[in-house]
Amino acid sequence: MAEDVVRIFDTTMRDGEQAARINLNTGEKVQIAHALERLNVDIIEAGFPASSKGDFDAVASVAAEVRTPIVAGLARTRESDITAAGEALRGAARARIHTFIATSPIHMEYKLKLSPDGVLKEVENGVKLARSITPDVEFSAEDASRSDMDFLIEVFSLAIESGATTCNIPDTVGYAMPHEFEKFCAAVIAGVNKPGVIWSVHCHNDLGLAVANSLAAVRAGARQVECTINGLGERAGNASMEETVMSLRTRKDHFGADTAIDTRKFFATSKLVSSLTGVPVQPNKAIVGINAFAHEAGIHQHGMLCNRATYEIMTPESVGAPGTDLHLGKHSGRHAFNERVEQLGYRLSAEQGMSAFEYFKELCDKKKDVSDGDIEAFLLDRVLHLTPEGCYELKDYAVTVGSGGKPTASVTLAHDGLETTEAAYGNGPVDAAYKAILKILPFSPELAEFRIRATSEFADALGEAHVILRYKEIKAQGRGASTDIIEATVRAYVEAVNRLYSVAAAREMAI
Ligand code: KIV
Ligand code: ZN
């Protein structure tokens, strides 16, 4: 049987970013876009241009940088959204406008306050306008799985007549069951009966069934799956790309379909997305969790030694899972270092490459082995400069701790060419340093999340801090890395403050 191709539509930077805690800036989105291009995804949904200036700029930058995949921008059916998407995608080698409107009774009545006829009018106008801007138009019927079948068939038929080339059936609230969703998709596809259109699915994971439902839709004839790296997305997330793709690859015999994804890049891409979003991957996550290929039980280990296929249905190499974390050291040359950076999924300019190598050499003087985690941490904190040009810059800090008195910290920050130093007591050195910073700032953000981890298992590992600050309704994350753990936490805090400023500026909010 000839294999069908299932297109992979990545929405990590749109639906994934929508997930409450995540805020990616343009530089971060461009890094992720390059990693997705190397992974060979077919379509990258880079954002929702009408939603904010930040999103518009990010879509425009991704469109300008990425050459092979199609770049999509999301738009409601309203005119201003569609023209904004068209504008943001202007520099794309291959542009897609992805327009959507809800079709379920509950969404039409309570959210849109539109009658079914009103929705049909929106579909016709929106898709026609999008098609006048680009020949590649996707239409999504939001909450399709809770919509009336006859109405849905009418909506999709009209979308195709108006110019849609891909039609997407979302399970927006993760309500469907795989066996019924397969039947549902098959009935929609047969009811519309328009050869030439590509059918797509977009499943959410509220009941943990997003991948199962996506695969059920492939059985019904869907030839595009919308998914995200690490399953990020609204609420419980979207279908995980790595799980969907590896299911299709491992069970080609069952699906008679496969994707063009270079699965060996999954592990690095997953790590990159986790580092940039600050959302950790659970250890037992299928495909990309650190335990996904670990065999603990004696019986399993014995089986593996006799024949790996006893307990492995796919090899760790096929998804790029590292056998061992090979460390670089002071004898490693520029070539080995650059290769490692690329394997980790990062893309550096020539200038960034030089400064990364210099930093690497500096680190080699401080510690014997430099792990992948160390490299990632300093790329993010010292080389890529993914934070907006800072309002505040850390100039100096000092802490005093001991078993006797209260921990004290003094911090000096520069702002607008002016240096300010403040000191404070705290329950610990980090608390003291954060209190000193708060005395300098003209506003008081709240610490919403604080995490600290070592970049490897050795005592000389870098300390990597991750901080989320909240101010009014905005949240922003900051990362910091250093061989000195307190410095890492202070750098993370200052970065989060700077990001709060840039998110507020993008939303035209005063701080
Ligand atoms: O979940 C959903 O329905 C969506 C659409 C915009 C495709 O994200
Ligand atoms: Zn969604």
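Treating the beta-carbon of each Lys and Arg as +1 and of each Asp and Glu as -1, no other charges, what is the dipole magnitude of the stretch 393-506 about its Cα centre, to the nearest 20 debye?
Numbers: 12 positive and 15 negative charges, 74 e Å.
Roughly 360 debye, rounded to the nearest 20.
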Legend entry - FRET efficiency, GLU180 to GLU339 (Cβ-Cβ, R0 45 Å, nearest 0.05): 0.40
Legend entry - Size of electric dipole in the stretch 273-383: Cβ of Lys, Arg +1 and of Asp, Glu -1, about Cα centre, debye, nearest 20: 80 debye
Inset, instruction - Any chance you could check the Cα centroid distance between the stretch 343-381 and the stretch 260-308 for me, in angstrom? - result: 24 Å
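Estimate the FRET efficiency between GLU362 and GLU457 by the formula 1/(1 + (r/R0)^6), using the beta-carbon distance for r and 22 Å for R0, to the nearest 0.05.
Values: r = 22 Å, r/R0 = 1.00.
About 0.50, to the nearest 0.05.
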Legend entry - Between the stretch 92-160 and the stretch 464-510, the alpha-carbon center distance in angstrom: 38 Å
Inset, instruction - Along Cα→Cβ, 7 Å out, is where each label goes; now give me the distance between the ones at THR400 and SER52 in nm to one decimal. - result: 4.2 nm
Legend entry - ³J(HN,Hα), Karplus 6.51/-1.76/1.60, whole Hz, each residue of the stretch 139-144, x for Gly, Pro: 10, 10, 9, 4, 6, 4
Legend entry - J(HN,Hα) series, the stretch 375-381, from Karplus relation 6.51 cos²θ - 1.76 cosθ + 1.60, nearest Hz, glycine and proline x: 4, 4, 4, 7, 4, 5, 8
Inset, instruction - Determine which lysines satisfy two conditions relative to LYS368: a Cα distance under 18 Å, and not lying fewer than 8 residues away in the same chain. - result: LYS330
Legend entry - Cut-off 14 Å, label 7 Å out along Cα→Cβ of ALA414, residues of the stretch 347-380 by amide N: none
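Once the Cβ-Cβ distance between THR68 and ASN427 is put in as r, and R0 is 41 Å, what FRET efficiency do you end up with, to the nearest 0.05? Could the numbers behind the result be given before it?
Working: r = 52 Å, r/R0 = 1.27.
Efficiency for this residue pair is about 0.20.
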Inset, instruction - Specify the angular offset, from 0 to 90 degrees and rounded to the nearest 10, of the alpha carbon long axis of helix 429-440 from the longest principal axis of the alpha carbons in the chain. - result: 80 degrees
Inset, instruction - Determine the dipole magnitude for the chain: charges of +1 sit on the beta-carbon of Lys and Arg, -1 on that of Asp and Glu, nothing else is charged, the reference point is the Cα centre, and the result goes in debye to the nearest 20. - result: 240 debye
Inset, instruction - Work out from phi, with θ = phi - 60° and the Karplus expression 6.51 cos²θ - 1.76 cosθ + 1.60, the ³J(HN,Hα) of each residue of the stretch 41-49, listed in order in whole Hz, and give x for Gly and Pro. - result: 5, 7, 9, 10, 8, 8, x, 10, x
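Which value, to two decimals, describes the C-alpha radius of gyration of the chain once divided by 2.2 N^0.38 Å?
Taking N as the residue count of the chain, the ratio is 1.04.
So which of LYS53/LYS361; LYS29/LYS194; LYS271/LYS435; LYS439/LYS475; LYS194/LYS252; LYS285/LYS395 end up more than 29 Å apart, counting from Cα to Cα? Don't skip to the answer; put the middle values down first.
Numbers: LYS53/LYS361 39 Å; LYS29/LYS194 36 Å; LYS271/LYS435 32 Å; LYS439/LYS475 20 Å; LYS194/LYS252 26 Å; LYS285/LYS395 40 Å.
Result: LYS53/LYS361; LYS29/LYS194; LYS271/LYS435; LYS285/LYS395 exceed 29 Å.
Every read-out reported here was derived from the displayed coordinates using simple, explicitly stated rules and does not represent laboratory data. None of these values were measured; they are calculated from a predicted model. Cβ sites come from the backbone with ideal geometry, for glycine too, and all protein chains shown count toward neighbours.
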